[in-house]
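Engineer: Below is one structure. I have some questions about it.
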Amino acid sequence: MHLEKINNPQDLKKLSIPELKVLARELRELIIETVASNGGHLASNLGTVDITIALHYIFNSPTDKIIWDVGHQSYAHKLLTGRQKEFSTIRQYSGISGFPKISESPHDAFGTGHSSTSISSALGILEGRDQNKENFKVIAVIGDGAMTAGLAFEGLNHAGHLKKDLIVILNDNEMSISPNVGALSAYLRRMMMGDLYTKLKKETKLFLERIPAVGEPVLKIAQKAEDTVKGLVVPGLLFEELGFEYVGPVDGHKIDSLIEIIETFKDFPGPVLIHAITKKGKGYVPAEKNPGMFHGIGPFNIETGEQVTSSKKSYSDIFGGCLTKLAQNDNRIIAITAAMTEGTGLSEFVRKFPRRFYDVGIAEPHAVTFAAGLATQGLRPVVAIYSTFLQRSYDEIIHDVCLQNLPVVFAIDRGGIVGDDGPTHNGTFDLSYLRHIPNLIVMASKDGYELRCMLKKALSIDKPAAIRYPRGSSTDNREGEELIDIPIGKAEVLIEGNDILIIAVGNTVAPAVTAAQLLSEAGIDACVINARFVKPLDIGLISERAKEIKHVLTIEENAVAGGFGSAVLEELTTAGVEGIKIKILGIPDRFIEHGPQNLLRKNLGLDAEGIAREALMLVDKTRPSTDYADSHNS
């Protein structure tokens, strides 16, 4: 076993090329074994093993800085940089992160959980190096899917302008999470292998050098001729026009060739882009055949590739199924996502309405403004994006949709705690960054059935609307049951009570109901309201009950700062409701670590016991503020 001998990247340099190839196989075997047990990002990590070995063989991390775009490519990097013993804990509570993390290792030069940030951050690190008069190399590894984002091109453009020695490795596996879309991806797929390009470029140069220097017009013609030939045969023309020296395409799984090419260009005086062709899922047949399923996957059987799944429908699937059904009777409905077709539950919609579906690539801001344009033409666009990624569209939501009051529906998947992916993916800010935007209606469903009702309602109104729902399975879908009309801004009372008013929203409603049952056993009658709407709030109902009950506890799986509870407090103050005690329970002012959703909720006091404990403390300060069970048993 060569892997057992690798305690840091320097140990790689002691191995021969044949030994490095054996090491690549061992890395893939360990990654497959670990992800099968823990879940995680498999296909993308298997595809970058050889590139990782080549980079660490040539460069000297952590002195040299390697930035892994997105982080879905970093498992082999973690294994080669001193984290083998901890690798079995990846994405587990208190274990190592599934993404590069500055605080975890000096070899993680930059934290990357969202895509397309590597080039910009690498360029910043490089400029910082020069400002500090230091000497090290900076390398960014970015996937072709991440290249569909505007941020990547902003970084490329600036790097070409600065003309510094940035090295970019373009990991081209022709697929990000969903199959890549767009002109750039098609362009990369059409690219020829580098031999023809190199030969023609050399011959073109020799031809131009033979032209007699008889005046500037001839030289201009010669230059134009070179550009014409390059336009026909050069796969890297786009990158060269941005100021990069383009190298490739090269085989991203031939370690010896990768080492030779990277070694050749590592000291190039300007920016270099090395285009490596890889295969997502390399080394594991089920992942090679179905890389989309094995992008981010839960525990699975290594022999069969079958995933351990729940029989319950996920919120994503419920949303996708409902949207597909509604679209059968409304030709105006358009579905839009940003490289997350399967993740947002839209696979069925694509099959049935391919002409009414758009995957815009990893380009969330474009998705929103594109939807705004569609809405001006009488269509009903639904933008399905994870909460954590919708953050990237903040300006477009305000300026292009809400300012113009256009009927765009935002289906916000993964709202709240997502679990094992951790702080880069937790959707704990959307209620705060959406509720203050004028014209926008903000809803959060308590279960799958309510999600379907809200989707139908959102598509029926002439205003922008957002519907938030969590990761995981629904507690109640009521499939086949007729959808009720939910009046805008109307909450519902689920349980009557006189001692404390619990106002919950979204997926905190179910534990709030359970908490009320626990409180009842302790002799406390709780009134539970399902708010449904974060904006507009049903302040009439809420203020009426608050005046009567005096003790108010709000529950949300969102940042306390500026979230749902803040909205309730603001409205109660505006309504002149006095003499109440109020407690806002939600996500505190910190980023939440990775781990199982239920464990994280328990730690945050957002499970039924935690809610009941807070209610007890609010109603009766003389009761012990220890564990709820102790209070309940007293």
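Engineer: Relative contact order for region 493-633 using alpha-carbon pairs under 8 Å, separation at least 6, rounded to a whole percent?
Structural biologist: 26
Engineer: Hey, another quick one. Which entries of Lys325/Lys352; Lys101/Lys133; Lys21/Lys78; Lys101/Lys137; Lys21/Lys279; Lys13/Lys280 show an alpha-carbon separation above 21 angstrom in the structure shown?
Structural biologist: Lys101/Lys133; Lys13/Lys280
Engineer: Considering the dipole of the chain built from charges on the beta carbon (Lys and Arg +1, Asp and Glu -1) around the Cα centre, which of Ser116, Gly345, Ile486 is farthest to its positive end?
Structural biologist: Ser116
Engineer: Across region 493-633, how many lysine pairs, 8 or more positions apart or on different chains, have C-alpha atoms separated by under 23 Å? Please give the number.
Structural biologist: So the count of such lysine pairs works out to 14.
Engineer: Would you mind getting the Kirkwood hydrodynamic radius of region 493-633 from its Cα pairs, rounded to one decimal in Å?
Structural biologist: Result for region 493-633 stands at 15.0 Å.
Engineer: Using the count of nearby Cβ atoms within 10 Å as a rough guide to exposure, how do Thr388, Thr337, Thr89 rank from fewest to most?
Structural biologist: Result, fewest neighbours first: Thr89, Thr388, Thr337.
Engineer: Would you please give the residues with an amide H less than 5 Å from that of Val442, counting only those at least 5 places away or on a separate chain, with H modeled from the backbone geometry?
Structural biologist: So Val442 has HN proximity to Ala466, Val534, Lys535.
Engineer: Using only the alpha carbon atoms of region 407-560, find the Kirkwood hydrodynamic radius as the inverse mean reciprocal pair distance, in angstroms to one decimal.
Structural biologist: Every distinct Cα pair counted, the radius reaches 16.1 Å.
Engineer: Arrange the following residues from fewest to most other Cβ atoms within 10 Å of their Cβ: Ser316, Ser88.
Structural biologist: By the 10 Å Cβ count, ascending, the order reads Ser88, Ser316.
Engineer: Using unit Cβ charges (K, R positive; D, E negative) and no other charged atoms, how large, in debye to the nearest 20, is the dipole of the chain about its Cα centre?
Structural biologist: Rounded to the nearest 20 debye, it is 1000 debye.
Engineer: Placing +1 on the Cβ of each Lys and Arg and -1 on the Cβ of each Asp and Glu in the chain, which of Phe244, Gly586, Ala36 has its Cα farthest towards the positive end of the resulting dipole?
Structural biologist: Value computed over the given set: Phe244.
Engineer: Something else now. Can you classify region 321-468 as rounded, prolate or oblate using the Cα gyration tensor, where a ≥ b ≥ c are the square roots of its eigenvalues, rounded means a/c under 1.5, and otherwise it's prolate if a/b beats b/c and oblate if not?
Structural biologist: rounded
Engineer: Further, regarding this structure: Using a 10 Å cut-off around each Cβ, can you sort Thr304, Thr81, Thr324 from fewest to most neighbouring Cβ atoms?
Structural biologist: Taking fewest neighbouring Cβ atoms as first place, the list is Thr304, Thr324, Thr81.
Engineer: Per residue of region 106-113, in order, report the coupling 6.51 cos²θ - 1.76 cosθ + 1.60 (Karplus, θ = phi - 60°) as ³J(HN,Hα) in whole Hz, putting x for Gly and Pro.
Structural biologist: Ordered by residue, 3J(HN,Hα) equals x, 7, 8, 5, 7, x, 9, x Hz.
Engineer: Next up: Please give the calculated 222 nm ellipticity per residue for the chain, where each DSSP H segment of at least 4 residues contributes -39500 (n - 2.57) and the sum is spread over every residue; nearest 500 deg cm²/dmol?
Structural biologist: -11500 deg cm²/dmol
Engineer: Pairs of Cα atoms under 8 Å, at least six residues apart: use those to get the relative contact order of the chain, whole percent.
Structural biologist: It rounds to 11 percent for the chain.
Engineer: Can you list the HN-Hα couplings for region 279-284, worked out from phi with the Karplus curve (6.51, -1.76, 1.60; θ = phi - 60°), rounded to whole Hz and with x for Gly and Pro?
Structural biologist: Coupling constants for region 279-284: 10, 5, x, 3, x, 9 Hz.
Engineer: Another question, then. When you count, for each residue, the other Cβ atoms within 10 Å and take the mean per peptide, how do 581-589, 3-11 rank with the highest first?
Structural biologist: Packing order, densest peptide first, comes out as 581-589, 3-11.
Engineer: Using a/c under 1.5 as the rounded threshold, could you call region 2-65 rounded, prolate or oblate? The axes a ≥ b ≥ c are square roots of the C-alpha gyration tensor eigenvalues, and prolate needs a/b larger than b/c, oblate otherwise.
Structural biologist: Prolate, since a/c reaches 1.5 and a/b exceeds b/c.
Engineer: Using the 2.2 N^0.38 Å rule of thumb for compact globular proteins, work out how region 127-178 stacks up: its C-alpha Rg over that value, please.
Structural biologist: Details: Rg = 13.1 Å, N = 52, 2.2 N^0.38 = 9.9 Å.
Rg over 2.2 N^0.38 Å, computed on Cα atoms: 1.32.
Engineer: Can you return the aspartates and glutamates within cross-link range of Lys65? Criterion is Cα-Cα under 13 Å, with same-chain partners fewer than 8 residues away left out.
Structural biologist: Asp108, Glu127, Glu134, Asp165
Engineer: Less than 15 Å Cβ to Cβ from Lys547, Lys/Arg counted +1 and Asp/Glu -1: what total charge do the surrounding residues give? Walk me through the numbers on the way to the answer.
Structural biologist: Values: positive: Arg545, Lys550, Lys581; negative: Asp499, Asp538, Glu544, Glu548, Glu571, Glu578.
Neighbour charge sum, excluding Lys547 itself: -3.
Engineer: Turning to a different aspect of this structure: Taking K and R as +1 and D and E as -1, what net charge do the other residues with C-beta under 9 Å from the C-beta of Ile255 add up to? Spell out each step's value before the answer.
Structural biologist: Values: positive: Lys21, Lys254; negative: Asp50, Asp256.
Net charge around Ile255: 0.
Engineer: Can you bin the chain into rounded, prolate or oblate? Criterion: square roots of the alpha carbon gyration tensor eigenvalues sorted a ≥ b ≥ c, rounded for a/c under 1.5, prolate for a/b above b/c, oblate for the rest.
Structural biologist: prolate
Engineer: Only Lys, Arg, Asp and Glu count, each charged at its Cβ (+1, +1, -1, -1), so figure out the dipole size of region 373-457 about its Cα centre, rounded to 20 debye.
Structural biologist: For region 373-457, the charge dipole is close to 360 debye.
Engineer: Here's a follow-up. Relative to the longest principal axis of the C-alpha atoms of the chain, give the angle of the C-alpha long axis of helix 509-521, reported between 0 and 90° and rounded to the nearest 10°.
Structural biologist: For helix 509-521, the angle is close to 40 degrees.
None of the figures in this text is laboratory data; all of them are computed from the coordinates on show. Predicted model only: the values in this text are computed from it and were never measured. Virtual Cβ from ideal backbone geometry, glycine too; neighbours counted across all protein chains shown.
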